[in-house]
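Colleague: Just dropping this structure here.
The values are calculated or read from the model by the stated rules, or taken from the named source; none is laboratory data. Small disclaimer: the values here were computed from a predicted structure and weren't measured. Glycine gets a Cβ as well: all are built from the backbone with ideal geometry, and neighbour counts include every protein chain shown. All accessible areas refer to the heavy atoms of the entire protein, side chains included, with ligands and DNA or RNA removed. Shrake-Rupley method; radii C 1.70, N 1.55, O 1.52, S 1.80 Å.
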Amino acid sequence: MKILRLETSFNGKSSKSYQLGNAILKNLLKKYPDSKIHTRNLAQNELPHFNEIHFTSFATPVENLSSELKNAAQYSNDAIDELMQTDIIVIDVPMYNFTIPSSLKAWIDHVARSGVTFRYTQNGVEGLVKNKKVYLAIASGGIYSEGPMKDYDFTEKYLRNILGFIGIQDVVAFRVEGVAIPGIKETAMPKAIQTVDESFAY
Ligand SMILES: Cc1cc2nc3c(=O)[nH]c(=O)nc-3n(C[C@H](O)[C@H](O)[C@H](O)COP(=O)(O)O)c2cc1C
């Protein structure tokens, strides 16, 4: 298996989403020992905010690209190449203000590209990123999988929708949650890792 790991937390190795992502990777390597992992750290090497020049580069035929537009398109070309060559994607997702980090949103903006990763047909939208599986490692200070804050979660639902839009329907989400809540935070990580291990054991 070729595995793409997207790291998105600025907290480095102490990051909860990173630690949960590692637990997923450990299990994937157990299941597919010959896998190759390619890591893209979006927190350390941010993609630029998607802007007019990037969008123009998408809409311009390759033969007409100026060097400025070629450079602008390169972020998207590289990110899409990596994605297309991958079987499994593990995404670390720290929750910021109820949603995903802007570094991950920037990656999505460069990857969701009409005519390349999705297209409009007479029958609606067709996702063009086929045969991939995504694992989400979501970390949050509060609890969103159940209870009164459930509706405030714009991480998992958004990622499932946008990944599905480009063709990736097979999305498994794991959560480490309540990491800011006394009485819960102490056991949040071991509990989350246990959930991952158990899920791969079946
Ligand atoms: C800027 C910022 C915004 C945050 N917003 C939320 C939030 O909306 N809801 C929540 O439950 N936790 C929130 N948190 C807490 C983080 O989700 C939590 O610390 C998580 O562990 C961060 O992921 P990481 O450990 O992988 O860096 C926020 C933290 C930061 C730094």
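Colleague: Let me know the Rg and Dmax you get for the range 70-202 when you use only its Cα atoms, in Å.
Modeller: Both quantities, over Cα of the range 70-202: 16.5, 53 Å.
Colleague: Place +1 on the Cβ of every Lys and Arg and -1 on the Cβ of every Asp and Glu in the chain, take the dipole about the Cα centre, and give the residue among V111, Y32, P48 whose Cα lies farthest towards its positive end.
Modeller: Value computed over the given set: Y32.
Colleague: Of all accessible surface on the chain at a 1.4 Å probe, what whole percent is carbon and sulfur?
Modeller: Answer for the chain: carbon and sulfur cover 51 percent of the accessible area.
Colleague: Could you give the length gained on full extension between R119 and M1, defined as 0.36 nm per residue of separation minus the Cα-Cα distance, in nm?
Modeller: 39.8 nm
Colleague: Between K30 and D81, what length comes free when the chain is fully extended (0.36 nm per residue of separation minus the Cα-Cα distance, one decimal in nm)? Walk me through the intermediate numbers first.
Modeller: On the way: separation 51, 0.36 × 51 = 18.36 nm, distance 2.61 nm.
Contour length minus Cα-Cα distance gives 15.8 nm.
Colleague: Less than 13 Å Cβ to Cβ from L104, Lys/Arg counted +1 and Asp/Glu -1: what total charge do the surrounding residues give?
Modeller: -2
Colleague: Taking R0 as 35 Å, what's the FRET efficiency between A201 and I181 from their Cβ-Cβ distance, rounded to 0.05? Intermediate values should be presented prior to the final figure.
Modeller: Working: r = 28 Å, r/R0 = 0.79.
Calculated transfer efficiency: 0.80.
Colleague: Report the residue, chosen from I181, I108, I80, that carries the largest GNM mean-square fluctuation when the chain is represented by alpha-carbon nodes joined by springs under 10 Å.
Modeller: Most flexible of the set in this elastic network: I181.
Colleague: Measure nothing but the geometry: give the 0 to 90° angle between the long axis through the Cα atoms of 16-31 and the longest principal axis through the Cα atoms of the chain, rounded to 10°.
Modeller: 80
Colleague: For the chain, give the share of DSSP beta bridges that are antiparallel, in percent and rounded to the nearest 5; count only bridges with both residues there.
Modeller: 15
Colleague: Per residue, how many Å² of accessible area does the range 2-201 show with a 1.4 Å probe?
Modeller: 53
Colleague: Under the rule of -39500 (n - 2.57) per DSSP H run of 4 or more residues, summed and divided by the residues of the chain, what mean residue ellipticity at 222 nm is obtained, to the nearest 500 deg cm²/dmol?
Modeller: Value at 222 nm, helices only, nearest 500: -12500 deg cm²/dmol.
Colleague: Report, please, the projected area of the range 1-156 averaged over directions, based on the convex hull of its C-alpha atoms, in nm².
Modeller: 11.5
Colleague: Give me the net charge of G167's neighbourhood, meaning all other residues with Cβ under 13 Å from the Cβ of G167; Lys, Arg count +1, Asp, Glu -1.
Modeller: For residues surrounding G167, the net value is +4.
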